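Input: a single structure, listed below in structure tokens.
Any read-out appearing in this document is the output of simple, stated calculations on the displayed coordinates, not a laboratory observation. The structure presented is a predicted model; accordingly, all values stated were derived computationally and were not measured. Backbone-built Cβ (ideal geometry, glycine too); neighbour counts: all protein chains shown.
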Amino acid sequence: MEKGKAYVRKWAIDFTENQTASSSSRDIPNPLGFDRASQDQDDSTVTRQKKEAEATWKAQKAWEVAQAPFKNLLMMGFMMWMAGSTVHLFSIGITFSALWQPISALQGVGKVFEPYKDSRVDIVAPKLLFIALNLAGLALGVWKLNTLGLLPTHPSDWVSSLPPAQEVEYSGGGLPL
Amino acid sequence: MAMAIRGFVASILFLSLFLNPSLALYEDQVGLMDWHQQYIGKVKHAVFHTQKAGRKRVVVSTEENLIASLDLRTGGIFWRHVLGDGDAVDEIDIALGKFVVTLSSEGTILRAWNLPDGQMVWECFLHGSTPSRSLLSVPANIKVEKDNIILVYGKGWLYAISSIDGEVLWRNDFSTKSVEIQRIYQLRDSDIIYAVGFTGYSQFDTYQISAKSGDIIDHSSIIFPGGFSGETSFVSNGMLVALDSTRSIIVSLNFQGGELSFHQTYISDLVQGFSGTATILPLKSTGMFAIKVNSYIVLIRVRDGNMLEMIERIDAPAAVSDSLSLSEGQEAFAIVQHEDDKTCLTVKVDIDSRSSFLKEIIKTDSQKGTVQKVFINNYVRTDRSNGFRALIVMEDHSLLLLQQGEIVWSREDGLASIVDMTTLELPVEKESVSVAKVEQNLFEWLKGHILKLKGTLMLASPEDIAAIQGMRLKSSEKNKMTRDHNGFRKLLIVLTKAGKVLALHTGDGRVVWSLLLTSLRKSETCQYPTGLRIYPWQVPHHHAMDENPSVLVVGRCGLSYDAPGVLSFVDSYTGKELNYLRLSHSIEQVIPLPYTDSREQRLHLLIDADKHAHLYPRSPDSINIFKHELRNIYWYSVEAEKDIIRGHTLHSNCILEVDDEYCFSTRELWSIVFPSESEKIATTATRKLNEVVHTQAKVIADQDAMYKYISKNMLFVATVSPKATGPIGSATPEEASLVVYLVDTVTGRILHRATHLASQAPVHAVFSENWVIYHYFNLRAHRYQMSVIEIYDESRADNKDVLKLIVGKHNLTSPISSYSRPEVLVTSQSYYFTHSVKTMAVTTTAKGITSKQILVGTIGDQVLALDKRFLDPRRTVNPTQSEKEEGIIPLTDSLPIIPQSYVTHSLQVEGLRGIVTIPAKLESTSQLFAYGVDLFFTRIAPSRTYDSLTEDFSYALLLITIVALVAAIFVTWILSEKKELQEKWR
């Protein structure tokens, strides 16, 4: 099929290319029963309907996008559960991806909701949900990091390389030579 | 039972998982990082065995209680045996031409060894109670029932012993006759044994004893009114010379054929200008004897019965050998003298001829000092004339064989008696290296790596493998005389009993320089010099970089504690004595202080017998530093005989006749008096001065931290009940007990005390960081035990607030004083240990991060490395999951001995006395030097070499792999480009 198409379209010349569309449309009479004017009259109601539909669609989409991290969160949770609590390559990879995904998502919050930006659509709520879910993901990552023991939350993390305290007195001696 | 076995197998399996493979060596790695040198010590007696067939050898006994058979051609050791402490060899001889007979332990143990291989043939214990001389005589042709006998006199008894199986044929008690036998001999081919000796100090006795039965046949005695001094020399089998009690008259005693007579000769008649006293040299020679008068040796000949005549006067220092009977009935003896730095060997044949038969002048190393002993042996040249070889023992205990005016071989046997050692860095590598050298090096490097690569790829031929092995063994890299990046190359500076300082290279153990200290040589002012300790004196680090590092040798002029001290300063690069001081005060203790002066000389405090402290170096700079720190310097003394530990503080300048700014009087602060009826000090241990501790916290399971109680001022003392000091078995479990203390040496506070019932000495202990490990014998369990004590600081334990730690609001880094009341938490645990121990040490690393190993010098003269993890008081039978993760090993009642963890692998360090560890710059690695009669050096990595590639890492293979990979990338890239282009053209 693909090949056939390619064969058909091996070359083609569009002779109408140089002519402007408007002139051609002007020159050629409208087909029978087609009234351009009546169409123009209808336009306002149709567009309104259309726009409304689009707005609802956009709002719906925005909510969908906002809820997307939730699935991700569940998956991450599952992955983390699979990874276990010992520090090894797999668990570290999972944890860092779990940390990185929400952060990158949060960085691109504006971009994600760009297509659904509309004066009539309220995207603050989905945005907030999106942020909240991503923060939850981040929290999950941090929690995982903690369970792996990679967060310095214990006193041992702060004192483990503390040099011994200096001594004031010095004493020497022992058995006579 | 089955459960127990299963448990045992399981525990073995479990432990084998923990086995540290870095400790074990592969066969071809032996000698790569380690070296082993064998010595014998200062030779006391030597017997040559040079029959025509077979290998020529000399059998020697030494002051290290060792007997050895040496190859006369090379000086190599055929075999040797260390008889152990307290089993000093009295006499050696060769019997029947196939046994070496040794009499040891003051004439109580007679052993026969097979001459070719050194196997012990038999051993015979002789019992007696009265201390006496010990004599060994192997008569050539006395036979009792076809059995050659060996005559032994020891502990007042005369024994005849079968030379075949060592059985006592007969014995005779001379101790009841209160006679002190001087010599046992046999007249030619008779069955009568003569024994001569003194009763009291003026009666001379001769006994005739039947060789068959040991019965006394005849006894005669004579009284010399002047009294004898005790020293005798036998001129012939019928005459003896002795000195009278004033040591100015030579008494010649004739006892030929049972008739006794004496004759007196004044030494002043023989020797012009004689004054003072004389001593007879213990020589075995015929027809002559030697006396030492003032500063020279006089050889005196006996003529016509009683006539004495001086043959020669030799200036000391000199040595005279025993006489050697030659085939034609002639007698030969050798004299060794010194002319400047030359050694002059004179051999005289036939005393009557005044000319010397042989005179050889040999240049010997001036650092070997003077000749102490000479042994000669003859050989028959091709023209049937006699040739002589001489074995000489030098002042530094080295052994030389001289033959035909040359030194055939020499052995540096002073190294068998190392007293103390220290290490110093080698010089920094100079920048300028010649181009030729670099080119050569590059070529060699490349060649070496290609060979290694062949080895790795299994393409190498046997010759190549041999070449690789040879290259690895004597790689020039490890033997360079400069510092290396990893800190492996160092100088081991050792002080020997002879007062010689030698620098050994850690790469291959060769002697870089040696120096016989003039201050520790016998002289008029210093009769019994003894070297005591060696300390690093000046280690240029930041300042004074143009000066060479130097060491301080501390000695004393005499054997008692109050003998005046001697200090000697030796340049560690050149091996020259920079300076020496004969001190007016004695030295009882040397305390290196943690301060250096502007020339980077370490401040040392020398405590004398009057408890005055003397500061060295004596410079205004050092006194300023010292006065500034005076109030914080304390010292303590352990008086083991009195069972007292005393702590002192420094007070003010001494009150002496001569004002001395560098002398300080001391004041006693505290004392710990152990009840002497129940406790005797067995051993003490402190932390090493140069030990580095990385951290004060110990992270335990559940991310918690414990704070170690780290103090340099802690002393571990072990005391045992008086009955438990003896050998094992001499005390019952009820009588024996062991008490251990941890004492703060500043305040005298006892931080911890623990009692082990039914335990006894010997106790060995090692102290590091915040733990002590000690080894003792448990009488109830009939086994050796090892215990560990760990001490933690409870007063810091509440530093648990993370926020406070983050902002630095804690008291963990503030200086601590011993006067603040410490709250310590002590944990301990005990385990059984199979071996008895000669010495213990612990690994030290540069930063103290690497985990530690305990180095145990076993009774078999090997060094065993034991992980500290096995000696952890937190071990439990069933550790929790988190404890397992932390690396805690389940508790077992005994410590495992893994054969692979013997650091000395198949070698033995005979007579092991000390183990020293030296940190390398590489944190993972520690260097180990074990010394005794032998020397052994190796590198150990307790946690494996995590910070470096292994020695045999193939850089060439890595390089080739990289090149191959890059090439492969290019090829595949080109191919893929082509393919893509083709695809596009389709």
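How much length would be gained if the chain were fully extended between A:L89 and A:S44, taking 0.36 nm per residue of separation minus their Cα-Cα distance, in nm to one decimal? Value of the extension gain: 10.1 nm. Per-residue extension of 0.36 nm, minus the Cα-Cα distance of B:W973 and B:R599, leaves a gain of 128.2 nm for this segment.
From the P(r) of the range B:630-678, could you give the percentage of C-alpha pairs in the tail past 19 Å? Here the long-distance tail beyond 19 Å is 41 percent of all Cα pairs in the range B:630-678. Across the options B:H782, B:V766, B:H752, the greatest Cα extent toward the positive end of the charge dipole of the range B:751-798 (unit charges at beta carbon of Lys, Arg, Asp, Glu) belongs to B:H782.
Using the reciprocal of the averaged 1/r over all distinct C-alpha pairs, how large is the Kirkwood radius of the range B:616-758 in Å? Write out the running numbers ahead of the final one.
On the way: mean 1/r = 0.0546 Å⁻¹.
Result for the range B:616-758 stands at 18.3 Å.
With the gyration tensor restricted to C-alpha atoms of the range B:545-660, the semi-axes of the equivalent ellipsoid amount to 24, 19, 14 Å, longest first.
With the Kirkwood sum run over all distinct C-alpha pairs, the range B:21-90 has a hydrodynamic radius of 14.2 Å. A cut-off under 14 angstrom between Cβ atoms defines the neighbours of B:V59, and their net charge, with Lys, Arg +1 and Asp, Glu -1, is +3. With N the number of residues in chain B, Rg(Cα) / (2.2 N^0.38 Å) evaluates to 1.11. Both radii are taken from the alpha-carbon atoms of the range B:558-622; with Rh as the Kirkwood radius, Rg/Rh is 0.99. What Kirkwood hydrodynamic radius do you get for the range B:365-412 when you take the inverse of the mean 1/r over all pairs of distinct Cα atoms, in Å? With all distinct Cα pairs of the range B:365-412 included, I get 11.4 Å. Averaging Cα coordinates gives a centre for the range B:647-724 and one for the range B:337-412; these two points are 53 Å apart.
State the three equivalent ellipsoid semi-axes of the range B:836-976, derived from the C-alpha gyration tensor as the square roots of 5 times its eigenvalues, in descending order and whole Å. Write down the numbers at each step before the final one.
On the way: eigenvalues 308, 113, 34 Å².
Its equivalent ellipsoid spans semi-axes of 39, 24, 13 Å.
With 27 Å as the limit on Cα-Cα distance, the pairs of B:K363/B:K522; B:K44/B:K490; B:K56/B:K363; A:K71/A:K144; B:K44/B:K723; B:K708/B:K804 that go past it are B:K44/B:K490; B:K44/B:K723.
Using the average count of surrounding beta-carbon atoms within 10 Å as a protection proxy, the listed peptides B:839-851, B:359-371 rank, highest first, as B:839-851, B:359-371. The distance separating the Cα centre of the range B:826-846 from that of the range B:487-516 comes to 28 Å. Applying Stokes-Einstein at 37 °C and 0.692 mPa s to the Kirkwood radius of the range B:909-986, computed over alpha-carbon pairs, gives a translational diffusion coefficient of 189 µm² s⁻¹. When the expected Rg is taken as 2.2 N^0.38 Å, what fraction or multiple of it is the alpha-carbon Rg of the range B:226-283? Rg over 2.2 N^0.38 Å, computed on Cα atoms: 1.12. Sequentially through the range B:758-771, phi angles give Karplus couplings (6.51, -1.76, 1.60; θ = phi - 60°) of 6, 10, 9, 5, x, 10, 10, 9, 9, 10, 8, 6, 10, 9 Hz, Gly and Pro residues having no value and appearing as x.
The convex hull drawn around the Cα atoms of the range B:274-378, when projected onto a plane and averaged over every direction, covers 7.3 nm².
Across the alpha-carbon atoms of the range B:86-180, the computed radius of gyration and Dmax are 12.7, 41 angstrom.
Dimensions of the range B:764-903 along the principal axes, based on C-alpha atoms and rounded to the nearest Å, stand at 54, 36, 33, largest first.
Under the definition of Cα pairs under 8 Å and six or more residues apart, what whole-number percent is the relative contact order of the range B:433-565?
Details: 160 pairs, mean separation 17.4, N = 133.
Contact order relative to length: 13 percent.
What is the P(r) of the range B:175-252, as percent of Cα-Cα pairs per 5 Å bin from 0? Reading upward from the zero bin: 3, 15, 26, 24, 16, 10, 4, 1, 0. When shorter helices are ignored and each DSSP H run of at least 4 residues is given -39500 (n - 2.57), the per-residue value for chain B at 222 nm works out to -3500 deg cm²/dmol.
Evaluated at 4 °C with a viscosity of 1.567 mPa s, what Stokes-Einstein diffusion coefficient in µm²/s does the range B:105-235 have when Rh comes from the Kirkwood expression over alpha-carbon pairs?
Working: Rh = 15.4 Å.
In µm²/s, the coefficient rounds to 84.
Put one equal scatterer on each alpha carbon of the range B:844-921, apply the Debye formula with no solvent term, and list log10 I(q)/I(0) at q = 0.11, 0.22 1/Å to two decimals. Values, matching the q order: -0.38, -1.07.
The range B:197-298: D in µm²/s via Stokes-Einstein (Kirkwood Rh, Cα pairs, 20 °C, 1.002 mPa s)? Answer from the Stokes-Einstein relation: 149 µm²/s.
Each listed q (0.18 Å⁻¹) maps to a log10 I(q)/I(0) for the range B:68-122 from the Debye sum over equal C-alpha point scatterers, namely -0.60.
Straight-line reach from B:K452: taking Cα to Cα under 19 Å and skipping same-chain neighbours fewer than 8 places apart, the lysines in range are B:K474, B:K478.
For the protein assembly as shown, just run the numbers: alpha carbon Rg, then divide by 2.2 N^0.38 Å, N being how many residues it has.
Values: Rg = 43.1 Å, N = 1163, 2.2 N^0.38 = 32.2 Å.
In units of the globular-protein estimate, the protein assembly as shown measures up at 1.34.
Under 8 Å for C-alpha pairs, at least 6 residues apart: give me the relative contact order for chain B, rounded to a whole percent. This gives 7 percent for chain B.
Calculate the tail of P(r) for the range B:358-458: the fraction of all Cα-Cα distances greater than 18 Å, expressed in %.
On the way: 3507 of 5050 pairs.
Cα-Cα pairs in the range B:358-458 separated by more than 18 Å: 69 percent.
The largest-to-smallest principal axis extents of the Cα set in the range B:258-324 are 39, 30, 17 Å.
By the beta carbon rule, with partners counted only under 4.7 Å, the protein assembly as shown holds these lone Cys residues: B:C124, B:C344.
Eigenvalues of the alpha-carbon gyration tensor of the range B:539-590, scaled by 5 and square-rooted, set the equivalent ellipsoid semi-axes at 27, 11, 8 angstrom, largest first.
For the range B:508-557, taking Cα atoms only, Rg and Dmax work out to 14.4, 42 Å respectively. Net charge of the neighbourhood of B:L742, taken over other residues with C-beta under 12 Å away and scored Lys/Arg +1, Asp/Glu -1, is +1. Helix B:620-629 and the longest principal axis of the C-alpha atoms of chain B enclose an angle of approximately 60°.
Compute the angle between helix B:435-456 and the longest alpha-carbon principal axis of chain B, please, reported from 0 to 90 degrees and rounded to the nearest 10. It works out to around 80 degrees. For the range B:453-549, report the % of Cα-Cα distances exceeding 18 Å. Tail of the P(r) past 18 Å holds 66 percent of the pairs. How large is the Rg to Rh ratio of the range B:685-747 when both quantities use alpha carbon positions and Rh follows Kirkwood? Radius of gyration over Kirkwood radius for the range B:685-747 works out to 1.18. Compute the Rg to Rh ratio over the range B:683-816 from the alpha carbon atoms, using the Kirkwood formula for Rh, and round to two decimal places. Rg/Rh for the range B:683-816 comes to 1.09. Summing charges over neighbours of B:S210, with a neighbour being any other residue whose Cβ is under 12 Å away from its Cβ, gives -2 when K and R count +1 and D and E count -1. Cut-off 16 Å, label point 7 angstrom out along Cα-to-Cβ of B:V673: give me the residues of the range B:629-643 whose amide nitrogen falls inside. From the range B:629-643, the list is B:639-643.
By how many nm would the segment from B:D610 to B:L457 lengthen if fully extended, with 0.36 nm per residue of separation less the alpha-carbon distance? All intermediate terms of the calculation are to be shown ahead of the outcome.
Values: separation 153, 0.36 × 153 = 55.08 nm, distance 7.09 nm.
Result for the pair: 48.0 nm of gain on full extension.
Entry for the range B:325-406 at q = 0.21, 0.25, 0.27 Å⁻¹: log10 I(q)/I(0) = -0.95, -1.23, -1.37, Debye formula applied to identical alpha-carbon scatterers, no solvent contribution. Measure out, as a whole number of angstrom, how far apart the alpha-carbon centroids of the range B:768-806 and the range B:183-211 sit. Each part reduced to its Cα centre gives a spacing of 66 Å.
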